[in-house]
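The values are calculated or read from the model by the stated rules, or taken from the named source; none is laboratory data. Being a predicted model, the structure only gives us computed values, none of them experimental. Note: ideal-geometry Cβ built from the backbone for every residue, glycine included; neighbour counts use all protein chains shown.
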Amino acid sequence: MSIIEQAIERMGQLKRAGVDIGEATPDEATASAPASAAPTQAGPVADARPTARPVPAEPAVEVSRAANEQSRYVDLDLARLDSMGMVVPSAPRSQIAEEFRVIKRPILANAHGKGAAPVDNGNLIMVTSSVPGEGKSFNSINLAMSIAMELDNRVLLVDADVARPSVLNLLGLPPAKGLMDVLLDRNVGLPDVLLRTNVEKLTILPAGMPHKNATELLASSSMKSLLVELAHRYPDRIIIFDSPPLMVTTEAPVLAQSMGQLVLVVEAGRTTHTMVKQALAKVQGCQVKMLVLNKARYARTDGYYGYYGYGYGYGSDAPSAEEGKAA
Ligand SMILES: Nc1ncnc2c1ncn2[C@@H]1O[C@H](COP(=O)(O)OP(=O)(O)OP(=O)(O)O)[C@@H](O)[C@H]1O
Ligand SMILES: [Mg+2]
């Protein structure tokens, strides 16, 4: 069977699975809505977040590079990230690095089976929040960088917020192929789209090309299979998923079902207790749920927010199993 025939068959499979794989129109690719419209009501609301930065449309089917070709290499501008108040290897004792040292410790213990209880797929870690803008991407990148700075851990950072990807943008990198391309084109394999970086143990899987059914794809059986492949192909890696928010998307709770650990970023002074409880209620099946209180303001001289509290619980919706000051 030719590559084109294989691709057509793959598209047929996706269609049969209920995924509309039509191309996004230019209007759909650029439609936007106010980003600051935080929902005030309970329950699911429409995802009113702006869509991804428009990237030139690419055909859904194309001939990929050879699967055994080396992953691409990108240089992260670490001085820029440092100036943005992020964790970087050159400043291992910075305030933010110290905070993430505390945050990552139980995550790594669970991932390596050294936590209080065994965790299935403990190396799959979803970073999410109740509503948009609470700091998921910022926390995902910092967590990934912090873990990659460890001697023994390799990290794969996945931009799974496919409707509004921002990992590459935050890292100062141009748009690149990624998750969506792997899901839509069977001729694109993971090694084709992974980005190795100048932080030796950090690899990035971008969100990939924008697609009008990106969110459905994220909740599809193809995505589930990909997660299984990731977990088995890279069992020694900590895989961090920068994910959509739980209360404004339906795909985030579905994605959570495949994750071993979930980190819920809570924006201090904005996200209410009720919102946190409602968000946690959507991910009851996830064995380990942790909370990071983000953007809490306390005395810092450099103008950046700091992290303040951290708590986690096993299979409980109550975020109070453990709390401590992270700095
Ligand atoms: N602790 C922090 N200190 C400094 N800046 C922060 C902090 N947390 C988040 N930010 C900044 O706030 C903005 C929003 O954060 P981020 O993009 O991580 O949120 P998000 O939850 O991923 O948003 P979205 O739902 O739109 O994907 C970004 O500009 C980010 O750099
Ligand atoms: Mg984000």
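Considering (1) more than 16 Å from ligand 1 (Cβ to nearest atom); (2) assigned to a helix (DSSP H, G or I); (3) within 16 Å of Val199 (Cβ to Cβ), say which one Ile107 fails and leave the rest.
It is condition (3) that Ile107 fails.
Among the residues of the range 276-290, is there at least one that is modelled with pLDDT of 95 or more, within 16 Å of ligand 2 (Cβ to nearest atom) and assigned to a helix (DSSP H, G or I)?
The answer is yes, given that some residue of the range 276-290 is modelled with pLDDT of 95 or more, within 16 Å of ligand 2 (Cβ to nearest atom) and assigned to a helix (DSSP H, G or I).
Do any residues in the range 132-154 that are modelled with pLDDT of 95 or more have Cβ atoms under 8 Å from those of residues that are in a loop (DSSP other than H, G, I, E, B) and of a type in the set (S, T, N, Q), where the two are at least six apart or on different chains, and which pairs are they?
Matching pairs, first to second residue: Gly133/Ser36; Glu134/Thr271; Lys136/Ser243; Ser137/Ser166; Ile147/Asn153.
Limited to the range 84-118, what total is found for residues that are within 15 Å of Asp152 (Cβ to Cβ), without any contact (Cβ under 8 Å) to a residue 40 or more places away in the chain and surrounded by 14 or more Cβ atoms within 10 Å (Cβ to Cβ)?
Of the residues in the range 84-118, 2 are within 15 Å of Asp152 (Cβ to Cβ), without any contact (Cβ under 8 Å) to a residue 40 or more places away in the chain and surrounded by 14 or more Cβ atoms within 10 Å (Cβ to Cβ).
Please specify each residue of the range 256-275 satisfying the condition of being in a loop (DSSP other than H, G, I, E, B), under 22 Å from Leu205 (Cβ atoms) and either touching a residue at least 40 places away in the same chain (Cβ under 8 Å) or among the hydroxyl-bearing types (Ser, Thr, Tyr) (or both). Talk me through it step by step, then tell me what you get.
Of all residues in the range 256-275, those in a loop (DSSP other than H, G, I, E, B) come to 257-260, 268-272.
Now narrow it down to the ones that are under 22 Å from Leu205 (Cβ atoms): 257-260.
Across the range 256-275, the qualifying residues are Ser258, Met259, Gly260.
Give the number of residues within the range 113-139 that are near ligand 1 (Cβ under 9 Å from one of its atoms) and either on the phi < 0 side of the Ramachandran plot or more than 16 Å from the chain's Cα centre (by Cα) (or both).
Taking the range 113-139 first, the residues near ligand 1 (Cβ under 9 Å from one of its atoms) are 127-129, 131-139.
So of that shortlist, the ones also either on the phi < 0 side of the Ramachandran plot or more than 16 Å from the chain's Cα centre (by Cα) (or both) come out as 127-129, 131-132, 134, 136-139.
So the count comes out to 10.
Can you tell me how many residues in the range 66-83 are over 20 Å from Leu156 (Cβ atoms) and modelled with pLDDT under 95?
To start, the set of residues in the range 66-83 that are over 20 Å from Leu156 (Cβ atoms) comprises 66, 77, 79-80, 82-83.
Those left that are additionally modelled with pLDDT under 95: 66.
Within the range 66-83, residues that are over 20 Å from Leu156 (Cβ atoms) and modelled with pLDDT under 95 number 1.
Looking at (1) surrounded by fewer than 20 Cβ atoms within 10 Å (Cβ to Cβ); (2) of a type outside the set (A, V, I, L, M); (3) under 30 Å from Ala97 (Cβ atoms), find the lone condition where Gln261 falls short.
Result: Gln261 fails condition (1) only.
Is it the case that the range 140-148 has a residue that's more than 16 Å from ligand 1 (Cβ to nearest atom), of a type outside the set (Phe, Trp, Tyr) and farther than 17 Å from Val266 by Cα? Explain how you work it out, then say what you get.
In the first step, residues of the range 140-148 are kept if they are more than 16 Å from ligand 1 (Cβ to nearest atom); the result is 147-148.
After this cut, where a residue has to be of a type outside the set (Phe, Trp, Tyr) as well, the list is 147-148.
Narrowing the set further to residues that are farther than 17 Å from Val266 by Cα leaves 147-148.
Yes: the range 140-148 contains one or more residues that are more than 16 Å from ligand 1 (Cβ to nearest atom), of a type outside the set (Phe, Trp, Tyr) and farther than 17 Å from Val266 by Cα.
What is the residue count in the range 126-146 for residues that are in a helix (DSSP H, G or I) and of a type outside the set (Ser, Thr, Tyr)?
8
Just to confirm my filter: which strands (runs of 3 or more DSSP E) fall fully inside the range 147-213 and include at least 2 residues that are of a type in the set (Val, Ile, Thr)? Even if it seems obvious, please write down each step before you answer.
Numbers: elements: 154-159, 195-197, 202-205.
Correct list: 154-159, 202-205.
Only residues in the range 281-294 that are more than 20 Å from Ala109 (Cβ to Cβ) count as the first member; pair them with residues that are in a loop (DSSP other than H, G, I, E, B), Cβ under 6 angstrom, at least 6 apart or cross-chain, and list the lot.
Lys282/Leu246; Gly285/Gln257; Leu293/Ala268; Leu293/Tyr308; Asn294/Gly135
Of the residues Pro118, Pro165, which single one is modelled with pLDDT under 95 and either within 15 Å of ligand 2 (Cβ to nearest atom) or under 20 Å from His232 (Cβ atoms) (or both)?
Numbers: Pro165 fails: modelled with pLDDT under 95.
Being modelled with pLDDT under 95 and either within 15 Å of ligand 2 (Cβ to nearest atom) or under 20 Å from His232 (Cβ atoms) (or both) holds for just one of Pro118, Pro165, which is Pro118.
Of everything in the range 227-255, what is in a helix (DSSP H, G or I) and surrounded by fewer than 21 Cβ atoms within 10 Å (Cβ to Cβ)? Give them in sequence order.
Of everything in the range 227-255, those that are in a helix (DSSP H, G or I) and surrounded by fewer than 21 Cβ atoms within 10 Å (Cβ to Cβ) turn out to be Leu227, Val228, Glu229, Ala231, His232, Arg233, Val254.
Among the listed residues Asn187, Asn139, which satisfies the condition of being surrounded by fewer than 24 Cβ atoms within 10 Å (Cβ to Cβ), more than 14 Å from ligand 2 (Cβ to nearest atom) and not acidic (Asp, Glu)?
Working: Asn139 fails: more than 14 Å from ligand 2 (Cβ to nearest atom).
Answer to the selection: Asn187.
Pick out the one residue from Val162, Val155 that is within 16 Å of ligand 1 (Cβ to nearest atom), surrounded by 24 or more Cβ atoms within 10 Å (Cβ to Cβ) and β-branched (Val, Ile, Thr).
Working: Val155 fails: within 16 Å of ligand 1 (Cβ to nearest atom).
The match here is Val162.
Suppose the filter is modelled with pLDDT of 95 or more, closer than 24 Å to Pro245 by Cα, hydrophobic (A, V, I, L, M, F, W, C) and within 16 Å of ligand 2 (Cβ to nearest atom); does Ala207 pass it?
Working: modelled with pLDDT of 95 or more: yes; closer than 24 Å to Pro245 by Cα: yes; hydrophobic (A, V, I, L, M, F, W, C): yes; within 16 Å of ligand 2 (Cβ to nearest atom): yes.
For Ala207, the condition - modelled with pLDDT of 95 or more, closer than 24 Å to Pro245 by Cα, hydrophobic (A, V, I, L, M, F, W, C) and within 16 Å of ligand 2 (Cβ to nearest atom) - is met.
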